[in-house]
Amino acid sequence: MDTLIKVENLRVSYPVAGGLFGRGGGVVNAVDGVSFEISRGEIVGLVGESGSGKTTTGRAIIRLAPVSGGSIFYFDGKNKTDLATLSKREFFPFRKKIQMIFQDPFNSLDPRMTIFKILCEPLDIYFKLDKKSKLKRAEELMELVGLEPSHLFRFPHEFSGGQRQRIGIARALAVQPEFIICDEPVSALDVSVQAQIINLISDLRSKLNLTCLFIAHDIAVVEHISSRMMVMTEGKIVESGVSAELCANPRHPYTRRLIDAVPKF
Amino acid sequence: MKASLRAFRALLSVVFSDRHTGACFIFLAILCLACMFAEFFAPYPFAEQNLAIGASAPCAEHIFGTDILGRDVFTRILYGGRISFAVGFAATAVAVLIGACYGMVSALSPRRVDSAMMRLVDIAYALPFTILVILLMIIFGRSLWLIFVAIGAVEWLTMARIVRGMTLDIKSRQFVLASEALGQGFWGIMRLHILPNLIGTILVCATLTVPSVMLLESFLSFLGLGVQAPLPSWGTLVKEGAEYMLDAPWMLVFPAFFFSATLYCLNRVGAKLSAADLRRFSK
C-alpha cells in the first residue's frame, strides 16, 4: 500500500521540575520509542488509557509537543520528508496537510469568536479570499459537517457539545488537509452523540479521501471506526494489528484488560 | 477594537442588571461629568475668597457652606473631584498599561524568565510604597504628573499578577493549540485569541484599581504631599475640613460624603463586574 506517514522510534520526553530554579530533575518519557506506518486513506486507531502517551504521540506529529528523538517521515508523491528535523518555518507547509481534531469541544473553540470567524482563521492564513468567497467557503464547510449554514454568526456557547465538535471538524477541514489526527474526538460527548460524530468522521474520510489517526481510550469505539489499531501503554506500543482480529484475539494482557473494560449489556 | 467595544457593552449590561449597581453607575457618571465641566456647574471660581463671610454654614448662596477663607465648598468639591478623578483614571491607565504588558510578556516568556520577572514583582510588593512615593515627591518636587506616575507605578503589580495568571490559563486552552496547529503565528494568536479573552479581566481590574488609586491620592494630599494649594483635591478638602471639624463641620461632612460615596460606587460597580466575569470564565 501507499504509505503516507511513517513514524520511527519516536520519543517525547519532558524534564521533571525540581530544585529552586527547575534544575536537577530527571526526565519523563511520555512517548518512548514508538514506530508505526499509516497508509493513504486508512483509519488507524490508537488506544490506551489516560497517561499512556497516545495524545502526546498525536501532538508530536503535528509539532504541538517537542520531539526528543526518532523520525516522522511524511510521503508526498516521491518526496519523503522527516518532519522531526524541520524548523518551525520549514514545517509551516505541512500544517496545511496535517490537521487535528481536539478532544474537548468546550475548550477548543474561542468563546469570543463567532463560528464564521473561527472558520475564517485557517482561510485567512492559507488562502487570500475576499469576504464573499470566505462566506461561501464557510457555508460549504458548515454543510459538509451537517450544520445549518445560517448559524454561522452564532457564538460557540449557543451550540451543543456534538455541534461544537462538528465546528472543530469543519475548522480542521478548512485547509483541505490530507491527514487528520483525531485526538479523542468523542470522549467528551454523550454516548448518543458519539455515534453521530464517528459516522461523520468515517463519511468524511471516504468523501474527501482523508487519512486518519484516531486516538481514543475506548477500544470499542476504535474497533468500530478503524481498520487497524495499535495499543499503547506507558509510552510504548504493545500490540498492533487488524482491528477485528486484535479484539477477537488479544495477545497482550493490557489489551485484554482494555477489552474487559468495555461495558457489556 | 470591535472586541473591546463588545466587551464594554457586555459590561454595561452587567452593571444595569441590578438597580443598586445601576444607581451607583449613574451617580458616578453624573458626578464625573459635573466635575469634568466644573466651570459650567460651579457657582463660583474655586479660588475666589470672601474673607468677610469666613466659614459660614450652608445657606441659599452657598449650599454646602464656605471654608474659612470664604470659598464655596460646593465649588471646591467639584474642582477637587476633577483632580481626584483625573488622578484615578490616569494613574489607573498607567497601571493597566505597565501591568498588562508586563504580565503578558512574563506569561509568554520561557519558564525561567517568567519566574525571574514574577520574583521581581514579589520584591516590589514587599517595598513600603507609601514611603517610596513620599521620597519621590521630595526628590522630584510636587507635580501632578509625578502623582500620576508614582501611583500608577505602585498599582501595576496586582494587575501584572492577574494578567499573567489569565494569560497562562488562556495559553493552555485547546483553541490556542488549534490555532497553532493551523499555522497561526505568535502575533496572530495574541491578536485573535489572547488579547480579546483578556480584555474583560483587564477592564474589571481597572474599575477596581480606580478607587484604590483615588484613596492613595487623597492620602498623599492629606499628608500635604499631593496637589498644591489653592488647587483642591478631595484629600486636601477632607484635611482642611478635619482641622475645623468642631467649628465648621460642613467643611468636613460634604467633601467626605462625596468622596466615600464615589469610592463606594466604584467598588460596587467593580465587584459586580468581577463577579459576573468570573462566572463567564468558569462556564
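Selection of segment A:107-117 for residues being surrounded by fewer than 24 Cβ atoms within 10 Å (Cβ to Cβ) and more than 7 Å from chain B (Cβ to nearest Cβ) yields A:111, A:113, A:114, A:116, A:117.
So in segment B:179-188, with the set limited to residues that are in a helix (DSSP H, G or I) and open to solvent by 20 Å² or more (accessible area, probe 1.4 Å), which one is nearest to the other protein chains (Cβ to nearest Cβ)? Top of the filtered list is B:180. Filter segment B:253-271 down to the residues that are open to solvent by 40 Å² or more (accessible area, probe 1.4 Å) and not β-branched (Val, Ile, Thr), then identify the one that is farthest from the chain's Cα centre (by Cα). Residue satisfying both the conditions and the ranking: B:254.
Residue-by-condition table, conditions (1) open to solvent by less than 60 Å² (accessible area, probe 1.4 Å); (2) touching a helix residue (DSSP H, G or I) at 6+ places or on another chain (Cβ under 7 Å); (3) facing chain B (nearest Cβ under 8 Å); (4) of a type outside the set (Val, Ile, Thr):
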| site | (1), (2), (3), (4) |
| --- | --- |
| A:91 | yes, yes, no, yes |
| A:95 | yes, yes, yes, yes |
| A:105 | yes, yes, no, yes |
| A:125 | yes, no, yes, no |
| A:130 | no, no, no, yes |
| A:133 | yes, no, no, yes |
| A:138 | yes, yes, no, yes |
| A:144 | yes, yes, no, yes |
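Listed by position, the helices (runs of 4 or more DSSP H) enclosed by segment B:1-110 that each have at least 2 residues that are surrounded by fewer than 13 Cβ atoms within 10 Å (Cβ to Cβ) are B:2-15, B:19-36, B:38-41. For segment A:153-164, the criterion of being in a helix (DSSP H, G or I), away from every other protein chain (no Cβ under 14 Å) and either open to solvent by 10 Å² or more (accessible area, probe 1.4 Å) or free of Cβ contacts under 8 Å to residues at least 60 places away in the same chain (or both) is met by at least one residue. Within segment B:242-252, the set of residues being touching a residue at least 40 places away in the same chain (Cβ under 8 Å) and open to solvent by less than 60 Å² (accessible area, probe 1.4 Å) comprises B:248, B:250, B:251.
Among the residues of segment B:135-152 satisfying the criterion of being out of contact with any Phe, Trp or Tyr (no Cβ under 8 Å at 6 or more places or on another chain) and open to solvent by less than 40 Å² (accessible area, probe 1.4 Å), which is farthest from residue B:202 (Cα to Cα)? Even if it seems obvious, please write down each step before you answer.
Going residue by residue through segment B:135-152, those that are out of contact with any Phe, Trp or Tyr (no Cβ under 8 Å at 6 or more places or on another chain) are B:135-145, B:147-152.
Now restrict to residues that are open to solvent by less than 40 Å² (accessible area, probe 1.4 Å): B:137, B:141, B:147-148, B:150-152.
Working: B:137: 29, B:141: 32, B:147: 22, B:148: 19, B:150: 20, B:151: 18, B:152: 15 Å.
Here the residue is B:141.
The values are calculated or read from the model by the stated rules, or taken from the named source; none is laboratory data. For clarity, every value in this text was computed on a predicted model and none was experimentally measured. Note that we place each Cβ from the backbone using ideal geometry, even for glycine, and neighbour counts take in every protein chain shown. Each accessible area value is taken on the protein alone, full model and side chains, heavy atoms only, with ligands, DNA and RNA left out. Shrake-Rupley method; radii C 1.70, N 1.55, O 1.52, S 1.80 Å.
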